[in-house]
Structures are given as C-alpha cells and as structure tokens.
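Since the structure comes first, as structure tokens, the remarks are kept for the end.
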Amino acid sequence: MKLKQEVNQVIQAAFDEAGIDATPISVSEATKPEFGDFQFNGAMALAKKLGKNPREIAATIVEHLKTDGVIAKAEIAGPGFINLWLDDNWIATRSSEAVADARLGIGVKENPIKAIVDYSGPNMAKQMHVGHLRSTIIGDTLANLLEFLGDEVIRQNHIGDWGTQFGMLIAYLEETGEESSVSLRDLEQFYKDAKKRFDEDPAFADKAREYVVKIQSGDSHCLGLWQKFIDISLGHCEEVYEKLGVNLSREDVRAESFYNDELPKVIDALKEAGKLQESDGAQCVFLEGDEVPVIVQKGDGGYLYATTDLAALHYRAQVLGAKRISYVVDARQAGHFKQVFRVAKEAGFVPEDVKLEHVAFGTMMDKSGKPFKTRDGGTVKLIDLLDEAVERAKEAIKDKSDYTHEQIEALAKTIGIGAVKYADLSINRESNYIFDWDKMLSFEGNTSLYMQYAYARIQSIFRKYGKQPEGEIVIGDELEHRLAMMLLRFEDVLERAAEDAAPSQITAYLYDLATLFMKFYERNPILKEGVAEETRQSRLQLANLTAKTIKQGLNLLGIDVVERL
RNA sequence: GCACUCGUAGCUCAGCUGGAUAGAGCACCCGCCUUCUAAGCGGGCGGUCUCAGGUUCGAAUCCUGACGGGUGUACCA
C-alpha cells in the first residue's frame, strides 16, 4: 500500500480544515523510533512564508489533524517538527489484508506506460565476461520491478552482431568448416585463433576484408554463415542467462544489425531537421555548448554506434511507443548517451514527454581496488565466475551432512548465484563496485545469506507449527508496531526504487526488515509455551508477511529463496 | 586543457527529493543458548562527513572555489 500517501492525505485534510492554503510537503519516515513513525517538517518552511511562529503553525495543524483513523497521535517537537504515530488497529488491519493478498497489498499502476529496458548487450564476437554482469543483473531487476508495479515492460537485448571483426570470424568459420561447432565451444579461443590467422596470413586477411563487404552487401552465403555464428554465440549467452536466472530470451534480442536499413534514414532525417553538418569529411551533429560533435557518418560512408543508437531510439519511441527508455550501461558512456539523447530529442526522433535515462553503473574492481581481472591480467569469463560462485557457496554450507548430494548442489546454486547478484545490487550502482568473495558469501551484514537465513528461519517456525496460520494481526508491543509499519512500507520503497532505477534501495529495505524481524524474533516468542493463542496467530502472521515480503523482494532482484539453510 | 563523476568511522558501505544527537556491517572489546535455526541478539570502542567560503531558521545533502581519486574527450562500440 502507498503508506506515505495515506498519511499525506491526512495532513492535507488538516491543512484544508485549518484554512491553510498550501500543499504540504510529503511526510518523511521518522529518523528515530522516539520520533514516531513519520514526521512532518513542513511547518518550518510555512512559518517563513506566512510570517508566523513555526510552533504556532504546527499547533494549528495538529489541532485539525484527524486522529481517529490512520494517525493515532501527533506531537510537536523542537522548532516545529510534527511527529506522527500511526494507529495500531489501522496498521493491524492493513497488514492482515496484506498477508492475505497475493500481491501483499501492493497496487497495480493505474496508468501504466510502455517502458523499455535496454540491458546486457553482449558482443557476439566474444564470450560474455564480467563486464556484462552489472548491466545484466541491474537491468533485469529494473525490468522485473517496473513489470511488477504494472508497467508494460519491453526488454531489449541490443547485442553487438555487426562490425568489421565479423568478417574475420566468418572467414575463419568457413575455413574450419565441419569442426566449427566444436571450435566455437570456446568463443574466446575461436576469436584468438581467427585473429592469429588474420595476422599471419595476408591471403586470409584479404578474404576476411572481402567478407565484411560481402556481408554488408547482403551476400546470402556469407549472411548464412554469419547467422550461424550469431546463433551459436547467442546460445552461449543464453547458457549464462539460464545460470544467472535472468529473464532474457531470444524474443528480447534486437541486435545492432536490426537497424542497418534505418541508418541511411537517420542521416536523411537529421539533414531534414537541419541538424547535419559536414566536418573533415564526416557527417556530424554539433550541439550547442558541446566541444565535440556527434559523428553519425564517417568520411568513408560508414556508420557509427551513435547512428545505431539514434535509429534504436527512433524505433523504440515511434514504433514501440515507449514512454520511458532506460539504458543500463557502464558509466563511462555517460557522455555518449547525453549527446545521443539530446540529438534524438532535438531532431524530433523522440517526443519531448519520453523519459530517456542512462542507468549508469561503476566499474567492477577487485579487493585491492584495481579493475577485476584474472591472475594473468585477462578478462574473467562470466560463466567461470558463476561456476566459482557455486563452488564457493558449497564450501560455505555448514553441516553438509544434513543434506543429500543433490540438495547441496541445488542449495549451492541458489545461494552462490544469489550472493553474486545481491552483492552487486546492494551497493549504489553508480559507484565502483568492489568484488569480494568473502564478503559476498558472509552471513553477516547486508548480504544475500543473511536474508536467506532470515527467510529460512521463518520457514522453520512454520515447519514446526505444521499448519497455515489463519489469525489476524494484532499489534501487541512497540516491536510489533515497528515491524508491521516496516512491512507496510514495502510499496513506497519499490515505487521509489523504480523511480530512481536503484535496486540498492530494495536491498537496504530488506536488510532493515530482516534485522528488525530478528529483534522481534528474539524478544517475542511464537511457539513457546505460555503464548496466548491470539498472540501466537498474530505473531505467526507477522512472520508470514515478513517471509513473503523477503521472498517477493528477492524475487524482484532475480534471487531465489531456500526453505532450509 | 575542457567536461563528467566521486570524496562519510581503520575497511566495505547507508544516509530516501535540506531537518532533531550522521547510521549499519566487518575488525577490536564485553555480555546472552535446558524449549521456535547462536549463520542470531544486546552492549562498548570508533567521525573536523576532504578543505574553504556562500545560500538557509537548519547543510553530509544545494551553490562557488581549492585539493585528491576515477572516467571521458572527432570518424571503435
């Protein structure tokens, strides 16, 4: 439920009632439990405008505040803060509703939009490496989140399947012929071998260059080989997606080559819009205030990635009808996107009301703060990284003797992959990310395993109880009040995370929730003797809603839960 | 050179559209298991929020400048 909105409405009503002609600023979560659940800080700002004492204004607001529904108590503190406590009965009713609802009381957007999330975008010439990890999982989370909140999400995997290097690869594919599918098993090696042939044999190099021309001119034999190569390469990516538990399929692929026919039209349209200028033989768009132009066509007539991005923006806005287009791409490309977005808007490729955003993320570093590489300085293949995560997760499982071999495998997979994803998603995406196995697989702090443990602990209670809880939630003490409040905030958190494209806001919330639950669990016995039945049912339901919220939250992050740990 | 970005505890990070005494985890010290998973909970130690100005009733947050790190800067993507 939109909790803040509920509270804001009460404040607004008080404003109307008191005859204050202003729209109140939104309440914010209280900074401390002593200050209640929410605080309204608007009286101070209003005081200035009205030329009155802030405490007097606060008093007027409080006087007209309805305290027989959502809010139970309001107090004025300090210079004019209004601290608000929500009503226990109201909270209890709302959380009882939430636990009974499949969506946990979270609404579906009334005016959904078409939202495009462009993410992953691997290069077909190479195997996926760690550089693709962040885009893939941050993008997937954003897509899941928007979808859950009700938008119509179109996932776009803008794979790199075009360019001069493909001439070389196709030539080599043809040369190796029958064995190709075998040698393609390791794309990295295939690329290296092809490159070696290219460098050593001038005849092969010429052939490779010939192939580039042939592919681009639509030669069917070459295109067939190219298609085969792309299929196999994409198959490798799908293996990774499968392992990662990412919701990307073939239908989401809109490759670079998809826009080939549109590229000349982009140039024409820019010319039409009066944006095009020739400079040093290249076709450019010069933007007011920018030193460097956006080059859309090279001196030799070739197109560039800016051209493709413009074509894609046009397609997404005009053909697909997107109102929000999010590019989940490395922060280093900020300049590029800033320019391309500007060109797209100025040239009318994208209507003004479409939100274009670069969901930028920082570089992945190793523990010593240097870019993440293998021991010998090469790039780390994503598939290897994921396999290692599963292996390490296996090591982290205590009391392995409690499980069968198969159970350990399954557990390690969920835990290992989940840990990799959670660690990445839990930090502010824009800063660089320090990849640390030990921290990632720790049970302490804001980690995937702490969340898993909290969830499993609750499941353990239900296993012991043996039945489904069916009572109502009743707020019995301060801790239960805080826990229920926290649970009801879930939708606000998701809304905000979607707005900011910030998965870390979800993990931060989940961690706070799990921590609060642990406190509750230590102090408020559930199944122990001497607990009144009504209290027991209520606490079971609170535990139930906590578990469901954790599960739903992790699910949005693309992480599975385990019933037992 | 110019542009963008970051600078919070020894380390890794929060800090939600400017609010009350800046918070977690790790590390270090001290408590708590005869009954729901102690992979937990409680307590302690630890800060000139890089620095200097400015706006404001009020600044880690906004503006300007300095210092320090990162990144980008015309025909690769």
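Here are a few things to note about the model shown:
- Using alpha-carbon coordinates, inclination of helix A:202-216 to the longest axis of chain A, degrees: 60
- When the stretch A:67-202 is reduced to its Cα atoms, the Kirkwood hydrodynamic radius in Å: 20.6
- Close amide H partners of A:LYS73, meaning residues 5 or more places away or on another chain with modelled amide H under 5 Å apart, are A:TRP85.
- Computed FRET value (nearest 0.05) for A:GLU210 with A:ALA102, which takes r as the C-beta separation and R₀ as 56 Å: 0.40
- For the stretch A:469-491, backbone nitrogen atoms closer than 15 Å to the point 7 Å from A:GLN5 Cα along Cα-to-C-beta are found at A:489-491.
- Range of Cα positions in the stretch A:3-86 per principal axis (Å), largest first: 31, 24, 18
- Cα long-axis angle, helix A:3-18 against chain A (0 to 90 degrees, to the nearest 10): 60
- Convex hull volume of the Cα atoms of the stretch A:103-146, normalised per residue: 79 Å³.
- FRET efficiency for A:ASP290 and A:GLN468, using Cβ-Cβ distance with R0 set to 60 Å, rounded to 0.05: 0.45
- Applying 0.36 nm per residue to the separation of A:SER401 and A:SER431 and subtracting their alpha-carbon distance, the gain on full extension is 6.7 nm.
- Alpha-carbon centroid distance for the pair the stretch A:225-239 / the stretch A:444-475, whole angstrom: 43
- Part-to-part distance (alpha-carbon centres) for the stretch A:321-357 and the stretch A:536-565, which is given in Å: 37
- With both labels modelled 7 Å from their Cα along Cα-to-Cβ, the A:ASP300 to A:ASP477 distance reads 7.6 nm.
- Label sites at A:ASN260 and A:GLU499, each approximated as a point 7 angstrom past Cα along Cα to Cβ, lie 4.4 nm apart.
- Among A:166-177, A:530-541, the peptide with the highest mean count of other Cβ atoms within 10 Å heads the list, and the full ranking is A:166-177, A:530-541.
- Pairwise inverse Cα distances across the stretch A:418-565, averaged and inverted, put the Kirkwood hydrodynamic radius at 16.0 Å.
- Sulfur and carbon atoms: percent of accessible area, the stretch A:165-247 [1.4 Å]: 50
- DSSP beta bridges confined to chain A are antiparallel in about 50 percent of cases.
- Virtual spin-label span in nm between A:GLN189 and A:ALA532, 7 Å along Cα→Cβ: 7.1
- Model label zone, A:HIS336; criterion: amide N under 19 Å from point 7 Å along Cα-to-beta-carbon; scope the stretch A:402-433: A:430-432
- Contour excess over end-to-end distance, with Cα ends at A:ASN247 and A:LYS370 and 0.36 nm allotted per residue: 41.2 nm
- Rg/Rh ratio calculated on Cα atoms of the stretch A:165-247 (Kirkwood radius): 1.02
- Under Stokes-Einstein, with the Kirkwood radius over Cα pairs as Rh, the value for the stretch A:490-565 at 4 °C and 1.567 mPa s is 94 µm²/s.
- With respect to chain A, whose longest principal axis is taken over its alpha-carbon atoms, helix A:165-176 is tilted by about 70°.
- Within chain A, helix-based [θ] at 222 nm, where runs of 4 or more DSSP H residues each add -39,500 (n - 2.57), nearest 500: -16500 deg cm²/dmol
- Residue-wise HN-Hα coupling along the stretch A:438-453, computed from phi with Karplus coefficients 6.51, -1.76, 1.60 (Hz; x: Gly, Pro): 5, 5, 4, 9, 7, 8, 9, x, 6, 10, 4, 5, 5, 5, 4, 5
- The orientation-averaged projected area of the convex hull spanned by the Cα atoms of chain A comes to 32.7 nm².
- Compared with the direct C-alpha span, the chain from A:LYS109 to A:GLU272 gains 54.8 nm at full extension, assuming 0.36 nm per residue.
- Using a cutoff of 8 angstrom between alpha carbon atoms and counting only pairs six or more residues apart, the relative contact order for the stretch A:3-86 works out to 31 percent.
- What chain A shows is 47 Å² of accessible area per residue, with the surface traced by a 1.4 Å probe over protein heavy atoms.
The values are calculated or read from the model by the stated rules, or taken from the named source; none is laboratory data. Predicted model, so just to flag it, every value in this text is computed and none were measured. Here the Cβ is made from the backbone with ideal geometry for all residues, glycine too, and neighbour counts use every protein chain on show. Ligands, DNA and RNA are stripped out before the accessible areas are found, and what is left, the full protein with its side chains, is counted by its heavy atoms. Shrake-Rupley method; radii C 1.70, N 1.55, O 1.52, S 1.80 Å.
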